[in-house]
Structure formats: C-alpha cells, structure tokens
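Asker: Shown below is the structure under consideration.
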Amino acid sequence: MSSTMISSHIPDLDLITTYAQREGTFFSRVSPWTKFSGLLLVILLITLTRNLVICGILYLIILGLYASAGFPVKKLFAWYTLPVLFVISLVGIMAWTEPGTPVFSWTLGLFTLTLTNNGVILIVTLLLKALISVTYSLFFLMTTRYQHFSAMIYRLFPTPLDQIFLLAYRFLFLTLSMTGAIFKAVRSRGGGIIHSIRIQGQIFAEVFALVFIRSFDRAERVHLAMISRGYSGKYEAGTEIPRPGLSGMVVIGVFCCVIAIIVLMVPNTGGIS
Amino acid sequence: MAHIHLEDGSFSLFFVLVWWAAAIILVGIAIYLIRAEKKPDRRKITLAAFCTAAAFAIFQVSIPIFGGVHLNLTPLIGILAGPAAGSLVVLIINILSSAIGHGGWGLIGANTLVNIVEVVVGYSCFRLLKSTIPAFLPRAGIATIAGLLCGNIAMILIIVISGVQGVNQSPGQILAGLSLIAAVNMGVAVIEAFITGLIVAYIGKVRPDLLGEEK
C-alpha cells in the first residue's frame, strides 16, 4: 500500500505508475499505439457482443495477459469493487423482472420477486464486460510509460483540453499524495473514529475544502513558476511515441478479423442498433 | 454515489456513438467559449487542471457514512470552475475514471453528458440564488441537490432512450427500475449536498475569490 493510497478498493495510481515506469514486462516494449488500438477493439467487441461464452473467453485471455505480466491479481480483484457495484446498481433491479425460466423466487408481503435464467445471464454478461474493460485498461496503464501517455494526450486532444489534461495528469500524483497526507494527519488526531453523520461530514468537508484550497494555492504558484520559465500558454509533450511494429500490426489485424467473424457468425451478437 | 457510472457493454454501438457525438458537441462549445475569450486567462487553465486533480483525488476517498460513500463533486466543479471549464474538467475526470474502471470507455460520452448537466445546473443555481440566499452553505447545498437531481433525470432519460443490452423489458418497466436507483442516488445526493455546502462555506471563509465573490 503506497503512501498516497486512500481506499484499498480503488486502483493505486502510484503502484500502477511504478509498474509502468519499471518497464519490467515484454508488453512494456509494445508500442502504446498498438495497445491503444487493442483497447478500442476490446471496447468495440464487448459493445457488439451479448454472448456470455465470448465474454468469458475474452475475460480469461485479458486476465491471463495481466497475470503473465506479473501484475498483482489479488489487488486487481479488490479494484473490481466499484465496477461491480456500478453494474449491480444498474441491472441488479432490472434482472428480477426479466422474462425467462424462474430459478429463484422471493415473496415479500404481497409481492413475489422472481429471478429468471435470463436475469442471471444479464447480470453475469454485463459484469464480465465491465471486468474485461477494467482489466485491459489497467494492463494498458501498467505497461505504458507516463511520458508516452502525456505525448498521446498532447496528440489526441484539442487545446485547451490537452493543456488541462496534461497539467492535471502531472498534478494528480501531487494532489493524491497531499490528500493521503491530510487524511493521515486527521486519523492520527482521532479523526478515524466513527462520529455522528454531522461531525463525520464536517471533518471530511474540511479536508476536501483544504485539498481544493491547497490545490489552488499550488496552481497559482506553479503557474507563476511556469511563466518565469517561459511558459506562454502552451505546455508541450514532445516525447516520441514508438510506432507499432509489424508484429503489433499483425496482432491488431487478426483481432479485427476475429471481431468481424464473431459479429457475422456467432449468435447473440449485433448490438449495433 | 449520487449517480452511477455506466459501464462498457451497457449500450448498443449506435447509442454509444450517439451519446459520444452529443458530448463532443457540448465539449466543442465549451472549448469554443474558452478560446473566444477576448483576454484569455492562462491562469484559468492551471486552476482547472488542479480542480481536475483535486476532484479526482477526492473521488478516491470513501466517507464512512452508511457503509461508505464516494462523492463526485460535479456541482462543486461547476461552482469553482464555471460551466465551460467545468465541462472540460468532467470529461477529463471521466477519461481518468474509465482508465481505472469507474465507468466504461464507450460510455464516456453518456457519463460526461450526465456530469455536464450537473455542472451547468449546479453553477447556474449557485449564481442565480446569490441575492436570495447569500449564505454559502445553504446556497451550495441547494445548487448541489438541483444539479444531482437533474443529473439523475438525464441519466434516466439516456438509459430509457438507449435501452440496456440484454434487457427485454418495456421502457415503462425500465423506468420503474431506474426510479428506485434514482431514489437511492438522491439519498446519497443529500449527503453530497451537505458536504458540498460545508466545503463551499469553508472555501468562502478562507478564499472567497475562488468562488468569484468578494469577502
């Protein structure tokens, strides 16, 4: 657990960046553009397919890639908490009214809730899709250097969006560290003890307000420092991003063909319209 | 959380593209408004960047109320950064959030639209209520509730229009299920409104200039 880690169920950006900067895996040497194309294709595939088997296979392949790179799998499962919560929030209620063969019934006063096979499939499919997306995203983050991400942001987004993004990405680590430090200070002074909602809310509100105020103070200082070093309103990220190699292009080409075959031939695909 | 982040695979490709296009148009308008300023204030960009970083960092914190609550603080972003820069800030937060699995990449468009509604309504209410309710705490609280309520309505509309992939229910049945989710979200929104009110009151005491108001 790094010093900046605030909740154990939220991905630890320090740890993720450490893996990325260490470049200890084969995948770190793959072009960021190849991995980015892979991300787009993964998202396209899970948007197009509703087939549980395909989602299951894709999830296992991506989990395998993640684990083979030596990344922490236990932590990954803890980081799944919020994506799982979001999916359950969305379809957890809808699943109970989904038509199909009943697998479980629950009588609540005058109402009878029935969970059908289609309801279960719906939850599992959407869960798998969310887990595929988050696992590949983290794999991408943990195998791509900070400088390459910055350069991609600079090339992909228009001004001033790229400027805000680049500065925010740079400040993010400072701000996370500052937030973690403030919470450590609050806890060491008894702030971690459960109080009433009002007191708890007040403590957290003051910490959050302090984070914002300190962030703005720092922003003003950084801005003046940047001006004194010749900042003219354009923050550039000129790092050369490695181009996709032949093998990378082949992998992407094969992935495109696989998606085309799945869309054309496998049942329960075609979430186009 | 006061609203949910839609995950990848929830919508069909058509609606993924529709909501992305709508978000790009709104973000494009925000970029145009910032670029069209007669005297571009470079400091605003740095402040928006720190606002993004602070909001993203705070989102990571689980508040130990009712088993753990995460705040989105989108209306607060609107109050601090304004609607134009705020729209860019929420887009970036959605991209960063997608990178760690809090919302899907394909659903960034839909999630950003919901957040832009919260930013714009939060900002507008906070400014419009200035003469009626001068005190920061109730004004920011009301602006937050209004922002999150409209955000929830936007979320419901987006889901009802798009439908959820694999759900074989009528829009009416989907609406009934979503109303329950929205009711839970609004319960959390009350906590967020209370905390946002306290945050704005604190900022108003220490740095009222950040709220665009004199001491």
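The values are calculated or read from the model by the stated rules, or taken from the named source; none is laboratory data. Just so it is clear, the structure is predicted and the values come from calculations on it, not from any experiment. Neighbour counts are summed over all protein chains in view; Cβ atoms, including those assigned to glycine, are modelled from backbone coordinates with ideal geometry.
Asker: Name the pairs whose Cβ atoms lie under 9 Å apart, with the first residue in region A:159-184 and closer than 25 Å to A:K234 by Cα and more than 7 Å from chain B (Cβ to nearest Cβ), the second of a type in the set (S, T, Y) and outside any helix (DSSP H, G or I), and 6 or more positions between them or separate chains?
Answerer: Partner pairs satisfying both residue conditions: A:D162/A:Y235; A:L166/A:Y235; A:R170/A:Y235; A:F173/A:T4.
Asker: Can you report the number of residues in region B:185-202 which are free of Cβ contacts under 8 Å to residues at least 40 places away in the same chain and within 8 Å of chain A (Cβ to nearest Cβ)? Outline the logic, then answer.
Answerer: At the first step, the residues of region B:185-202 found to be free of Cβ contacts under 8 Å to residues at least 40 places away in the same chain are B:187, B:202.
Those still in the list that are within 8 Å of chain A (Cβ to nearest Cβ) too: B:202.
Residues flagged as free of Cβ contacts under 8 Å to residues at least 40 places away in the same chain and within 8 Å of chain A (Cβ to nearest Cβ) within region B:185-202 amount to 1.
Asker: Turning to a different aspect of this structure: Suppose we filter A:A130, A:A168 for residues that are within 18 Å of the chain's Cα centre (by Cα), of a type in the set (G, A, S), buried (at least 19 other Cβ atoms within 10 Å of the Cβ) and not assigned by TED's automatic domain parsing to the domain that holds A:F36; which single one remains? Walk me through it before giving the result.
Answerer: On the way: A:A130 fails: not assigned by TED's automatic domain parsing to the domain that holds A:F36.
Testing whether each residue is within 18 Å of the chain's Cα centre (by Cα), of a type in the set (G, A, S), buried (at least 19 other Cβ atoms within 10 Å of the Cβ) and not assigned by TED's automatic domain parsing to the domain that holds A:F36 leaves just A:A168.
Asker: Please determine, by comparing only the residues of region B:2-44 that are crowded, with 24+ Cβ neighbours inside 10 Å, at the interface with another protein chain (Cβ under 7 Å from one of its Cβ atoms) and more than 18 Å from the chain's Cα centre (by Cα), which one is farthest from A:V87 (Cα to Cα).
Answerer: Top of the filtered list is B:V16.
Asker: While we're on this one: Which residue pairs have Cβ atoms under 8 Å apart, sit 6 or more places apart or on different chains, and have a first residue in region A:260-273 that is away from chain B (no Cβ under 14 Å) and a second that is modelled with pLDDT of 80 or more?
Answerer: A:V266/A:T49; A:V266/A:N51; A:V266/A:I54
Asker: Kindly indicate whether any position in region B:48-60 is in contact (Cβ under 8 Å) with a residue 60 or more places away in the chain, under 23 Å from A:I213 (Cβ atoms) and touching a Leu at 6+ places or on another chain (Cβ under 7 Å).
Answerer: no
Asker: Any chance region B:132-153 includes a residue that's assigned to a helix (DSSP H, G or I), hydroxyl-bearing (S, T, Y) and surrounded by fewer than 22 Cβ atoms within 10 Å (Cβ to Cβ)?
Answerer: Checking region B:132-153: not a single residue is assigned to a helix (DSSP H, G or I), hydroxyl-bearing (S, T, Y) and surrounded by fewer than 22 Cβ atoms within 10 Å (Cβ to Cβ).
Asker: Looking at (1) more than 14 Å from every other protein chain (Cβ to nearest Cβ); (2) at negative phi; (3) not in a helix (DSSP H, G or I), which is the only condition A:L113 fails?
Answerer: Just one mismatch for A:L113, condition (1).
Asker: Further question on the same structure: Name the pairs: first residue in region A:209-238 and on the phi > 0 side of the Ramachandran plot, second residue surrounded by fewer than 15 Cβ atoms within 10 Å (Cβ to Cβ) and not hydrophobic (A, V, I, L, M, F, W, C), Cβ to Cβ under 8 Å, at least 6 apart or on different chains?
Answerer: The qualifying pairs are A:G233/B:P40.
Asker: Any chance region B:100-107 includes a residue that's surrounded by fewer than 23 Cβ atoms within 10 Å (Cβ to Cβ) and at pLDDT below 90?
Answerer: Within region B:100-107, one or more residues are surrounded by fewer than 23 Cβ atoms within 10 Å (Cβ to Cβ) and at pLDDT below 90.
Asker: Specify which of the listed residues (A:L63, A:L90) is under 22 Å from B:H102 (Cβ atoms) and touching a residue at least 60 places away in the same chain (Cβ under 8 Å).
Answerer: Exactly one of A:L63, A:L90 is under 22 Å from B:H102 (Cβ atoms) and touching a residue at least 60 places away in the same chain (Cβ under 8 Å), namely A:L63.
Asker: On to the next question. Does B:A140 count as away from chain A (no Cβ under 13 Å) and either touching a Lys or Arg at 6+ places or on another chain (Cβ under 6 Å) or more than 30 Å from A:V42 (Cβ to Cβ) (or both)?
Answerer: No, not satisfied.
Asker: In region B:203-215, which residues are within 8 Å of chain A (Cβ to nearest Cβ) and either within 20 Å of the chain's Cα centre (by Cα) or of a type in the set (A, V, I, L, M) (or both)?
Answerer: Across region B:203-215, the qualifying residues are B:I203, B:V206, B:L210.
Asker: Out of A:L15, A:L82, A:L40, which single residue is within 11 Å of chain B (Cβ to nearest Cβ), buried (at least 17 other Cβ atoms within 10 Å of the Cβ) and not acidic (D, E)?
Answerer: Only one candidate passes the filter, namely A:L82.
Asker: Find all pairs meeting these conditions: Cβ atoms under 7 angstrom apart; at least six residues apart or on different chains; first residue within region B:157-176 and within 11 Å of chain A (Cβ to nearest Cβ); second residue among the basic types (K, R) and surrounded by 15 or more Cβ atoms within 10 Å (Cβ to Cβ).
Answerer: Taking only residues 6 or more apart or on different chains, the pairs are B:Q165/A:R50; B:G166/A:R50.
Asker: Tell me the residue from B:L157, B:L178, B:L129 that is of a type in the set (A, V, I, L, M, F, W, C), at pLDDT below 95 and within 30 Å of B:G204 (Cα to Cα), please.
Answerer: On the way: B:L157 fails: within 30 Å of B:G204 (Cα to Cα); B:L178 fails: within 30 Å of B:G204 (Cα to Cα).
Of the residues listed, the single one that is of a type in the set (A, V, I, L, M, F, W, C), at pLDDT below 95 and within 30 Å of B:G204 (Cα to Cα) is B:L129.
Asker: Being aliphatic (A, V, I, L, M), farther than 30 Å from A:S215 by Cα and surrounded by 17 or more Cβ atoms within 10 Å (Cβ to Cβ) is the filter here; which residues of region B:157-201 pass it?
Answerer: B:I158, B:I159, B:V164, B:V167, B:I174, B:L178, B:I181, B:A182
Asker: It is to be established whether one or more residues within region A:143-152 are outside any loop (DSSP other than H, G, I, E, B) and under 16 Å from the mean Cα position of the chain (by Cα).
Answerer: The answer is yes, given that some residue of region A:143-152 is outside any loop (DSSP other than H, G, I, E, B) and under 16 Å from the mean Cα position of the chain (by Cα).
Asker: Across region A:209-251, which residue is surrounded by the most Cβ atoms within 10 Å (Cβ to Cβ) among those that are more than 29 Å from the chain's Cα centre (by Cα) and part of a loop (DSSP other than H, G, I, E, B)?
Answerer: Only one residue fits best here, namely A:Y231.
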